[in-house]
Each structure stands twice: as C-alpha cells, then as structure tokens.
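Single-structure report; data block below.
Please treat every number below as a calculation from the coordinates, not as lab data. As the structure is a computational prediction, the values presented were derived from the model and not from experiment.
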Amino acid sequence: MTALRLRPMTPADADAVAALHAVSWRNTYRGVFTDHYLDHEADTERRTAWRDRLQTAPAPADWGLVAEDAAGRVVGFAYVQPDHDPTWGDYIDNLHVAPDLHGAGLGRRLMQAVAERLQRDGSTRPLHLWVLDANTAARRFYERLGAELHGPQLSDPLAGQQHPVWRCVWRQPARLLDHA
C-alpha cells in the first residue's frame with residue numbers, strides 16, 4: 001500500500017468525506033439503492049449531511065479519522081459516536097475506503113485506529129456498526145476482524161428505503177489490534 005496518513009477529521013473535510021461517501025455508495029450499492037438516488041441525489045445529500053455533521057451542528061463527543069494519500073486526497077474515513085448505546089457501546093457510524101484501495105488493508109487500519117483511540121480515551125465498552133445485508137464483502141471483512149454478527153433486521157430509512165442490515169459487534173474492541 002502506498003504511504004497513507006491517518007489524521008483527525010476536521011470541519012474542512014466535509015466535502016471530501018461526502019464525495020468519497022457518495023463514490024463508495026455508487027460502487028457498492030448499485031442495484032440496492034435506486035439508480036436515480038445514486039446518480040442524481042447521493043452527492044448533494046451526502047454533502048448536506050456531512051456539512052451538517054461537521055460544520056453546522058457537530059455533536060461534541062463525536063469524532064472521525066481520515067486517511068490521506070501522498071497527494072492529500074481523502075481515500076478513507078471512519079466516524080465514531082462514543083457511548084452511543086447502553087447495550088452495544090461505541091458506534092462506528094461510517095467507515096468507507098476508496099474503491100481503488102479495497103483489499104489494501106486501509107479498512108483494517110482505520111478499524112484499528114478507532115480501537116486505539118477509544119482505548120486511549122478510556123472506553124471499555126463494546127464497539128458496533130451496521131452493515132447492509134447486500135454488502136457481503138464488508139460482512140466477511142468484519143467477521144475476519146472478529147465481529148459477531150447480529151440480525152438481520154430492517155434499517156432506518158437509508159437512501160429513501162429500509163434495507164436489511166446486520167449489527168457487527170466487537171465485545172472487546174482492543175482485540176482489533178491483534179489483527180495484522
């Protein structure tokens with residue numbers, strides 16, 4: 001993998017994160033989300049959502065990490081909501097990697113960086129995220145990283161529809177650091 005730098009997400013990253021999020025969805029969810037949404041609405045909707053989240057109304061406890069390549073292009077990100085749920089613990093609300101870097105280890109690296117930060121922050125809570133049932137590659141990836149899968153159940157509306165989703169849970173997130 002080329003040299004990548006992980007750094008904290010800032011409000012200035014909103015548009016780059018939104019663009020990668022939309023590209024990731026177009027690459028992964030064609031045939032799951034409507035073509036109209038992916039081709040005509042995703043960019044604007046994701047830009048509005050990320051500007052809201054990072055600039056207009058940021059949640060004080062939430063934080064994110066971005067991965068940049070040598071040219072400064074955002075090629076991956078993770079966004080975390082600590083202490084999100086009394087049962088399931090800390091929540092990775094988003095984890096996306098540029099499609100041309102799938103399989104290069106960046107997703108694992110982001111997951112490990114999340115676990116390291118939570119550990120430094122003193123969290124002993126479980127870690128969880130949701131993954132769409134249709135995203136079998138991501139489900140296998142999370143299982144390889146030691147996740148327990150719970151589900152499926154229907155999601156909140158996403159891209160205008162509900163979708164079957166699985167909750168991926170790490171009861172001991174520090175164990176993510178053992179996955180080389």
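So which DSSP H runs in the chain come out at 15 Å plus along the axis (Cα) with average Kyte-Doolittle of at least 0.0?
Length and hydropathy pass: 14-28.
Quickly estimate the mean residue ellipticity at 222 nm for the chain, helices only: each DSSP H run with n ≥ 4 gives -39500 (n - 2.57), and the total goes over all residues, rounded to 500.
Only helices count here, giving -8500 deg cm²/dmol.
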